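Some notes on the structure that comes next.
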Amino acid sequence: MGFKLKVEGPSTIELGTTIITGVKFRTDIPHDSNARSTDMGSTVTITGKILTAVDGDPFDNTRQLGLWALVPAEKSDCYRKVSIEVIAASQVVRKYTYPNAFVVDYREDYGDVEGVGSFTEERQDGAGCGRRRIQRIIKGFPQTV
């Protein structure tokens with residue numbers, strides 16, 4: 001099983017099956033309600049490998065993810081359209097689209113054993129990128145195919 005990631009914004013970031021090693025999807029609903037609520041959201045955590053650019057290619061898409069994580073909450077660039085495809089046997093099994101995703105957490109880890117680093121990025125979808133980011137985020141539910 002593999003994953004493809006596409007982030008659309010001021011620049012397009014595309015990561016393929018050789019880079020993405022895992023994806024976790026979570027739906028967040030309020031736990032203080034006995035009925036169905038419209039106040040729900042979704043969080044996706046993406047992990048992958050940081051590979052060195054080869055053949056003189058100066059562009060590293062994993063670096064672009066790290067730069068997106070540094071965009072301040074006050075700028076509209078913090079919201080981007082994210083599409084994630086789950087692929088099995090060369091077929092798209094699921095496709096998730098987050099129209100207003102933003103980065104909540106980004107980490108890079110390096111070691112001296114494998115020769116490549118790894119990254120973990122957690123993103124959410126919603127309109128609360130500013131002051132509500134630290135407390136509770138009102139998020140939109142992803143569109144699934």
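Please go through segment 89-135 and pick out each residue that is touching a strand residue (DSSP E or B) at 6+ places or on another chain (Cβ under 8 Å), small (Gly, Ala, Ser) and at pLDDT 65 or above. Walk me through how you get there before you give the answer.
Filtering segment 89-135 down to residues touching a strand residue (DSSP E or B) at 6+ places or on another chain (Cβ under 8 Å) leaves 92-111, 116-129, 133.
Within this subset, residues satisfying the condition of being small (Gly, Ala, Ser) are 101, 111, 117-118, 126-128.
Ala101, Gly111, Gly117, Ser118 - these are the residues of segment 89-135 that are touching a strand residue (DSSP E or B) at 6+ places or on another chain (Cβ under 8 Å), small (Gly, Ala, Ser) and at pLDDT 65 or above.
Quick check on Lys24: is it part of a strand (DSSP E or B), at pLDDT below 90 and in contact with a Ser or Thr (Cβ under 6 Å, 6 or more places away or on another chain)?
On the way: part of a strand (DSSP E or B): yes; at pLDDT below 90: yes; in contact with a Ser or Thr (Cβ under 6 Å, 6 or more places away or on another chain): yes.
Yes.
How many of the residues in segment 10-21 are in a strand (DSSP E or B) and either more than 22 Å from Phe119 (Cα to Cα) or touching a helix residue (DSSP H, G or I) at 6+ places or on another chain (Cβ under 9 Å) (or both)? Write out each step before concluding.
Taking segment 10-21 as the starting set, the residues that turn out to be in a strand (DSSP E or B) are 13-15, 20-21.
Filter again for either more than 22 Å from Phe119 (Cα to Cα) or touching a helix residue (DSSP H, G or I) at 6+ places or on another chain (Cβ under 9 Å) (or both), leaving 13-15.
The qualifying residues number 3.
In segment 52-78, which residues are assigned to a loop (DSSP other than H, G, I, E, B) and either at pLDDT 80 or above or surrounded by 14 or more Cβ atoms within 10 Å (Cβ to Cβ) (or both)? Please lay out each step first, then the result.
Step one: of segment 52-78, the residues assigned to a loop (DSSP other than H, G, I, E, B) are 52-60, 70-75.
Once the filter is applied, which keeps residues that are assigned to a loop (DSSP other than H, G, I, E, B) and either at pLDDT 80 or above or surrounded by 14 or more Cβ atoms within 10 Å (Cβ to Cβ) (or both), segment 52-78 yields Leu70, Val71, Pro72, Ala73, Glu74, Lys75.
The values are calculated or read from the model by the stated rules, or taken from the named source; none is laboratory data. Note that the structure is predicted; figures quoted are calculated from it, not measured. All Cβ positions, even for glycine, are placed from backbone atoms using ideal geometry, and neighbour counts span all protein chains on display.
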